[in-house]
1. Just checking, does the range B:115-125 include any residue being away from chain A (no Cβ under 14 Å) and buried (at least 17 other Cβ atoms within 10 Å of the Cβ)?
2. Which one of these does residue A:115 not meet: (1) at pLDDT 90 or above; (2) within 14 Å of chain B (Cβ to nearest Cβ)?
3. Having 3 or more residues that are of a type in the set (D, E, K, R) is the bar; report the helices (runs of 4 or more DSSP H) wholly within the range A:118-211 that clear it.
4. Provide a single number: the residues in the range B:136-192 that are at negative phi, under 21 Å from the mean Cα position of the chain (by Cα) and assigned to a loop (DSSP other than H, G, I, E, B).
5. Looking at the range A:184-212, I want the residues that are within 14 Å of residue A:101 (Cα to Cα) and more than 14 Å from every other protein chain (Cβ to nearest Cβ) and have a partner that is part of a loop (DSSP other than H, G, I, E, B) and not aromatic (Phe, Trp, Tyr) with Cβ atoms under 8 Å, at least 6 apart or on another chain. Which pairs are those?
6. Please work out which one of (1) more than 10 Å from chain B (Cβ to nearest Cβ); (2) farther than 19 Å from residue A:112 by Cα; (3) open to solvent by less than 90 Å² (accessible area, probe 1.4 Å) is the condition residue A:165 fails and give its number.
7. Would you check if there is a residue in the range B:171-178 being surrounded by fewer than 16 Cβ atoms within 10 Å (Cβ to Cβ), more than 21 Å from residue B:53 (Cβ to Cβ) and either more than 14 Å from every other protein chain (Cβ to nearest Cβ) or of a type in the set (S, T, N, Q) (or both)?
8. Under 6 Å by Cβ, and 6 or more places apart or on different chains, what pairs join a residue from the range B:71-94 that is within 18 Å of residue B:108 (Cα to Cα) with one that is open to solvent by 80 Å² or more (accessible area, probe 1.4 Å)?
Amino acid sequence: MLITADMKMADLIHLDFQLLAVIQRIGIPLGFREKTIDEVCIENGVNTDFFLQLSNSFHDKEYFPKEKFLRFNPEWLVNFLRRTHQCYMEHKIPEIEEQIIQLENDLKGTKQSYELIKNFFTEYIRELGVHIELEEKKVFPYVMALSESIANKEISSDLNESFGDYNIDKYLEDHNDIEEKLFDLKNILIKYLPPPTDNCKYNSLLFEIFKLEKDLKDHSKLEEKVLIPRVRMMESELNNL
Amino acid sequence: MVRILVAEPSYLVRKGLSTVLNELKTITKIEEISGQDELNDALKSLMPNLVLINTTISSLPEADQVLKKYGSESTIISIFNSPLPDDGNETTLSVFDTKPVLLTKLRNQVKKVQKSVIQQENSEELSDREKDVLQKIALGKINKEIASELFISTHTVISHRKNITRKLGIKTVSGLTVYAILNQLIKLEDIS
C-alpha cells in the first residue's frame, strides 16, 4: 500500500508498526492525535516528501525511488543515518548484549559455548563501533562540508583544511561488510549451539538479531544507493566550479 | 530448496515471472533485483541455483564478469525483450512467450536443478578434507599456508572454503572458528 501525505500519522503506525523507527529517526515525537502525515511533518520541520519516500521504502522492500532520494538535501539523510547509529549503539546493541549475558545461566553445562558466543558478539560490537565511528567522524562531516561548499558556490576552508584530498573512494576502501558476522551468529545459534534450557529467552535473542540484521540491511542500502552516489555527484559538481 | 534469482529491470515482468515460478509449486526461494548494480551482492548472498536474467543486464561487461565469478555454478536462463522462435531451447525465454511455453521451460529447468540440489543437501556433512581445511582456517591460517600444509593448490583451498561456507551457512573466519571449537575440530586453547 502506498503511503500518502493525507493519511493520518497514527494510522500509519497501525498499518506498519516497524515505521515507528523511521518516525523516531527522522526526529518526530509521538502524540499525533488526528493529524495527517503532512501536518505532523510541517509541525516538526520535516520535509513531507522526504518522510513519505523513506516510509514507503521501509514499508515496501520493492519501493525504492533512488532518483528522488538523490534530489533531497543530503543533510537530511545524514541526520537520519546519525540517529540510526545512535539507536544501534545506545539501544539495540546493549539489549542484545544483555540477552547474551542472560544466557550464561542457561548454558551452564556448556560454559565454553557461552564464552564463545559472548566473545564473538563482543568482537562484532567492536567492528560495528569502528564502522560507525568512521562514518560519524569522517564521512558525515565530509558530506556536510561538501554540501555547505556547494550551497555557497565555493570550496569552504573547512573542506580544504579538514579533508584535503579525501574522497568517497577512500571511505569505500575500508568500508567492510558488517552484516556477515550477524548472519554467522544467527546460524551458529540456530544450527550448532547446544540448546539452552530456556527456549523463550533464546528465541527472543534470535528475534532481536534477525531484526537488527534487517535494520542494518536497510541502513546500508541508504548508504550505498543514496549517500555514496550523492557524494559522488557533489564531488564532481565541486570539481566543475 | 531451490534458490532462484530474477534479474529483470521491468517491475511488471519481474512480478510476472515470480508468479509463474510460484505456480510450479516447488519449494523455492525467489529473490528479485532490477539492475546490474545489485547483481554482485545478490549472487554472493543468495547463491542461486537458477538465475533468470534479462539480456539487457547480462550483456553489460560488468554483469558478465560478476556472473562468471559468482554464478559459475548457477544455471543461467536469459530473458529476451524480443520474440523468440519456438526451437526447444530451454535456457532462453522471451517476454512474449505464452503461458504454456513459459511453464514448460521453467518447470523443466527447475526440475533439473532440483535434482542436483537434493543431492547436494544430502551431502551437507563436511568431508574429511573440508574438516582439515576448516581446522586450519580456525587456527588463523591464510589460504597459502593451508595449501602448502595440505599439499594442495590455493585454488583447491578456495573451492573447499566456498563449500564449507555453503554447507555450514557461516561466512566469517571468527564464525568458522566458533563452529570448529563447538565441534571439537580445535580446542579453545589452540587459538591465542
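The values are calculated or read from the model by the stated rules, or taken from the named source; none is laboratory data. These numbers were taken from a predicted model, which means no experiment stands behind them. Positions of Cβ are backbone-derived with ideal geometry, glycine not excepted, and every protein chain shown enters the neighbour counts. Accessible surface areas use protein heavy atoms only, side chains included; no ligands, DNA or RNA. Shrake-Rupley method; radii C 1.70, N 1.55, O 1.52, S 1.80 Å.
1. yes
2. If we test residue A:115 against (1) at pLDDT 90 or above; (2) within 14 Å of chain B (Cβ to nearest Cβ), just (1) comes out false.
3. A:168-173, A:180-187
4. Residues that pass the stated criteria total 3.
5. A:202/A:195; A:202/A:196
6. Unmet condition: (3).
7. no
8. B:94/B:83
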